[in-house]
1. Of the listed peptides 133-142, 55-64, 227-236, what is their order by residue-averaged count of other C-beta atoms within 10 Å, with the highest listed first?
2. Compare the Cα positions of 115, 179, 211 along the charge dipole of region 91-213 (+1 at Cβ of Lys, Arg; -1 at Cβ of Asp, Glu; about the Cα centre) and return the one farthest towards the positive end.
3. Please list, in order along region 4-14, the HN-Hα scalar couplings obtained from phi with the Karplus expression 6.51 cos²θ - 1.76 cosθ + 1.60 (θ = phi - 60°), rounded to whole Hz, x for Gly and Pro.
4. For the chain, give the magnitude of the charge dipole about the Cα centre (Cβ charges: +1 Lys/Arg, -1 Asp/Glu; no others), in debye to the nearest 20.
5. What per residue convex hull volume, in Å³, comes out for region 22-177 when only alpha-carbon positions are used?
6. Non-local amide H neighbours of residue 282 (under 5 Å, H modeled in plane, Pro and chain starts lacking H): which ones?
7. Could you run the Karplus curve 6.51 cos²θ - 1.76 cosθ + 1.60 with θ = phi - 60° over region 110-122 and give me ³J(HN,Hα) per residue in whole Hz, x for Gly and Pro?
8. What is the set of long-range amide H partners of residue 48 at a cut-off below 5 Å, with H atoms built 1.01 Å from backbone N?
Amino acid sequence: MSETIELVVERGGERLDQALAALLPALSRAQIKRLIQAAAVTVNGEPRKPAYRVAAGDRLTVVLPEVEEPMVHPEPIPLTLVYEDEHLLALDKPAGLVVHPGAGHDSGTLVNALLARYPDIADVGGVGRAGIVHRLDKDTSGLLLVARDDETHAALQRQFKRRQVCKTYLALVEERVEPREGIIEAALGRSKRERKRIAVLRSGRPAVTQYRVVETFRNYTLLEVRPHTGRTHQIRVHLAWMGYPVVGDRVYGRKRQPLLPNRHFLHAQRLSFTHPFTGKEMELVAPLPRELEEVLKQLRRG
């Protein structure tokens, strides 16, 4: 059952959301904002906006929805932060860490880790989303943005949608890539044969990937890759379709890869975007993980 709380404002002049934050400290600011937007908060019987200035003596009515047992529990999983301020943070996700809970992964995910360190962001971007703005595949390492409030989350998502965020990956692929730079344009969609796989399909959604050769080895090539769209598995599928599967990719490449048996060689190295509040042009960098550096050293030794 829902719970109704009656409150009386003692001191006027504050915004409605700020007054409620002081009167109901158990609720996060994001929760209060959602209650106001859902008209679950009234002032003297009338719904108001978060910026409404309350007056002394105003009667506030708050209807709290029935509380359900959270599906995701906080877990003290270590996080490597690259950047952090009051609005957002960027972390260097290790390979092997699933971003969101799902079938077979109800614990040990990035969301579990974020909830332990930043409990106030649990519902930023939606219930259980924990402010995560975009995804990385389980075995892809590198930079991931997390918003700490709904306004920042929405602003960053708009930048992604408008292709104003520049993502740069390093990928080691099989074979020597020719030409040395290019743009792959091939629509992607769910495979009709295997629904868990993504495939190049005429009926798929447009997908564009730009690449250039960074270093060439005997049977491998190190690429810098920039996806211009954000389709599921886009880089891995596009490169495999061109005949250059990512090393260690057990879905779209060889089933076994002695060079890198426990993950694939795809790392989100660089992320450029505009800070939603300061307007500053941000460029963040995550160095290659040690296991990927070791692979390159081995190839350079011949």
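1. Highest mean packing first, the order is 133-142, 227-236, 55-64.
2. Final value for the positive-end residue is 179.
3. Going residue by residue, I get 10, 10, 9, 10, 10, 6, 8, 10, x, x, 7 Hz, with x marking Gly and Pro.
4. 1740
5. Residue-normalised Cα hull volume stands at 152 Å³.
6. It is 273, 274, 275, by chain and number.
7. 4, 4, 4, 5, 5, 5, 6, 9, 10, x, 6, 9, 3
8. The list, which skips near neighbours in sequence, is 43.
The values are calculated or read from the model by the stated rules, or taken from the named source; none is laboratory data. The model shown is predicted, which means the values in this text are computed figures rather than measured ones. A quick note on method: Cβ atoms are made from the backbone with ideal geometry, for glycine too, and the neighbour counts reach across all protein chains shown. All accessible areas refer to the heavy atoms of the entire protein, side chains included, with ligands and DNA or RNA removed. Shrake-Rupley method; radii C 1.70, N 1.55, O 1.52, S 1.80 Å.
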